[in-house]
Amino acid sequence: MTNKFVESLLDELDAMVLYATGNGESVPSEVVVHVFHMQQKLAAMNSGSAANSEAGSDGFNEEELSRLSCHHAEMTVLIEPARPKSVALLKKDADNPTWLHFLGAVPLIRKLSVLAVIFLLLIIGTATSPTVNTDTLNSGLFKSSGLTLLLNQLFLLSCAGLGATFGCLHKLSEYIKVGTYDPKFDSSYWIRVVMGLIAGLIISELLPLNSISGEQVSGLEQFDKPVAALLGGFSADLIYRILNRFIELANQLFSGGRQSEGSEVAKMKQQIRKLNQVSEKTSSNVHRHNNRSYDFHNNEVDTSTFHPSGRGEIAGQNLSELVVSQPLAKPEQAVGIPVGAYMSDAVKSELEVTGASLVNREGGVRPEQEHATSLSSEASQSDNSILDQFSNNNGVELAKMSSQRLGSELSEPTSSTNTLNTPLVSGSALTYDAEGTEGGKFHSRKLHVPSNNSGLTLGRGFDMKARSSDKINSMLAMAGVSEQHSNVLSKASGLSGKEAQQFILDHNLTDFEISEQTQIKLFNATYEEMVADVQRICAKPDCVEAYGRVDWQHLDDKIKTVLIDLRYRGDYDSRSRKRVQQYIAENNLAQFRECIEDKVLWSGVPVDRFNRRVEFINS
């Protein structure tokens, strides 16, 4: 390990200590002492002292470097959401101020401020010319020429540039305020300025803001070009999304085409045949009752039982998307339609489907036995004559509905009334209930970003920020998310905060929603990851040495549940372990309960989460 690397760590630690103390945080004294001694030793080494000869080739022994690394990790957690590199950069700039330092804390914000002043001066300068006025501005690109055109376009571009730099300065100041500024993204701000200039020109000159079909539009007459250019520069991302959406719509219009009714009916027949063929081959079967053919309609079946893997997919398609919900003219025409529409209560009570839950509008039927019954070939009849009659009566409407459902990219199939087959992991109800809600503004089955530090999150706490693309893809596929959506969502790896929110918009995923069954599977997998990670932390040599060994097998269930919930939300860190880890190792529920009830210790935890933990630990 080079001295340069150690020096970098010490600089970041020094900056983090100053940042934390400046914000009223309590910094462990051993961190301050160790950093001070390491800085002295490094200074002696750099000055050519012989002090480094006693500790090896680099001058630092293994214990010193190990402690330095631990202190760095501890301080990183303490200053969150700020980042070590950011606070170190801010400190370095403050220690070496330039004459333009009053414009901002980092070089980029000073450069953007100067650029904004230049654009402002250009606006004032060009506006003083008699050739720049309302008439010449409104004449546009094609009715003006020469110096008049040049000055007018320079005026509009300056307006767009002012809007672009204003937006960049505002965004940058937010990152600096919370200590998350990263210089590796500097180029993106200059790209935004260029995009702003282009967007300002597009919206002010190329879009007909003051007329539609040659007629003046009320309200837009006063919306003149300078304002349009300013707004275009400020909202370059919005202009890009609008233009991108136009291209997508045009692509769908010209490449998709409109299928003839005959091809729609043929496609519908193919889907029905596929469903019937698979139904005959799987273990989830429906038998005939008293030699009567059952009709299937308007009821939902847990389609995961149609596939041995439990994913409910056939050749990459989800069976729920193949289900037709259009009412049929006659019961005998219902081929491959969900089970239970025309069955009497007596028949439903006798119908057994292994592993599935049949639900109708009045109530549900649960399987009580574990054996499977056979599917009569007559019940799954799909000969051409029935298909032709089915197509003639209902084909066009059903084919259109099927096409819409199969072509939808907005959501996974959901069922609010379906009885779930997959139970929650034992002891995880506390975390599951606290991690989200069903319905309302914070509906957990839709994509969301809980905080600026969080990544793109799906379900109850499946955060994609720290997961690799392959891991995201495999876990989503395991839970039953379609391959198409898994591939798209895997691209959210590493994103957080506003970037993750922008990802939802860029990929048209605002209405994307998973089923409750998928949510539970995803939560269970995530929860088991957290269980394994808690066990790993408790078994770490430094943790065992400091607090004692944890006997996980015999640990109190309440301690386990709350401990995993702490880890799930990110509250189980080095600072909290100083309070709770000893009692975990001792399996001391009473002392652990006191720690959980300490409002000061958990001051950063939402009140609802805190109350849930307290209520559970006292139940």
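The values are calculated or read from the model by the stated rules, or taken from the named source; none is laboratory data. Predicted model only: the values in this text are computed from it and were never measured. Don't worry about glycine lacking a Cβ; one is built from the backbone with ideal geometry, like all the others, and counts go over all protein chains shown.
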So is residue 204 crowded, with 17+ Cβ neighbours inside 10 Å, at pLDDT below 85 and under 27 Å from residue 503 (Cα atoms) or not?
no
Looking at the range 496-515, I want the residues that are buried (at least 16 other Cβ atoms within 10 Å of the Cβ) and have a partner that is polar (S, T, N, Q) and not in a loop (DSSP other than H, G, I, E, B) with Cβ atoms under 9 Å, at least 6 apart or on another chain. Which pairs are those?
500/457; 515/320
Pull out all pairs, ordered by first then second residue, where Cβ-Cβ is under 8 Å, the residues are six or more apart or on different chains, the first lies in the range 157-186 and is farther than 11 Å from residue 113 by Cα, and the second is of a type in the set (Asp, Glu) and assigned to a helix (DSSP H, G or I).
none
Of (1) closer than 16 Å to residue 557 by Cβ; (2) in a helix (DSSP H, G or I), residue 619 fails just (2)
Pairs returned, first residue in the range 602-619 that is aromatic (Phe, Trp, Tyr), second residue that is assigned to a helix (DSSP H, G or I) and surrounded by 10 or more Cβ atoms within 10 Å (Cβ to Cβ), beta-carbon separation under 6 angstrom, 6 or more apart or interchain, are 602/610; 616/430
Is it true that some residue in the range 97-104 is over 30 Å from residue 42 (Cβ atoms) and aromatic (Phe, Trp, Tyr)?
yes
Positions within the range 57-86 being touching a residue at least 24 places away in the same chain (Cβ under 8 Å), of a type outside the set (S, T, N, Q) and closer than 22 Å to residue 43 by Cα, in sequence order:
58, 59, 60, 64, 65, 67, 68, 70, 71, 72, 84, 85
Working only within the range 13-39, note down all residues that are exposed (fewer than 13 other Cβ atoms within 10 Å of the Cβ) and among the charged types (D, E, K, R).
30
Considering only the range 569-580, state which residues are closer than 18 Å to residue 73 by Cα, more than 28 Å from the chain's Cα centre (by Cα) and surrounded by 17 or more Cβ atoms within 10 Å (Cβ to Cβ).
577
Residues to consider are 15, 55; find the one that is at pLDDT below 80 and not assigned by TED's automatic domain parsing to the domain that holds residue 574.
55
For the range 420-474, which positions are out of contact with any Lys or Arg (no Cβ under 7 Å at 6 or more places or on another chain), in a loop (DSSP other than H, G, I, E, B) and among the hydroxyl-bearing types (Ser, Thr, Tyr)?
426, 428, 451, 468
The range 163-204, subset under 17 Å from residue 19 (Cβ atoms) and of a type in the set (A, V, I, L, M), residue farthest from the chain's Cα centre (by Cα)
176
Restricted to the range 467-481, and to residues that are touching a residue at least 24 places away in the same chain (Cβ under 8 Å) and surrounded by fewer than 20 Cβ atoms within 10 Å (Cβ to Cβ), which residue is farthest from the chain's Cα centre (by Cα)?
478
Could you list, in sequence order, all residues of the range 590-619 that are surrounded by fewer than 17 Cβ atoms within 10 Å (Cβ to Cβ) and over 31 Å from the mean Cα position of the chain (by Cα)?
590, 591, 594, 597, 598, 618, 619
Can you confirm whether residue 548 is surrounded by fewer than 18 Cβ atoms within 10 Å (Cβ to Cβ) and either polar (S, T, N, Q) or more than 23 Å from residue 76 (Cβ to Cβ) (or both)?
yes
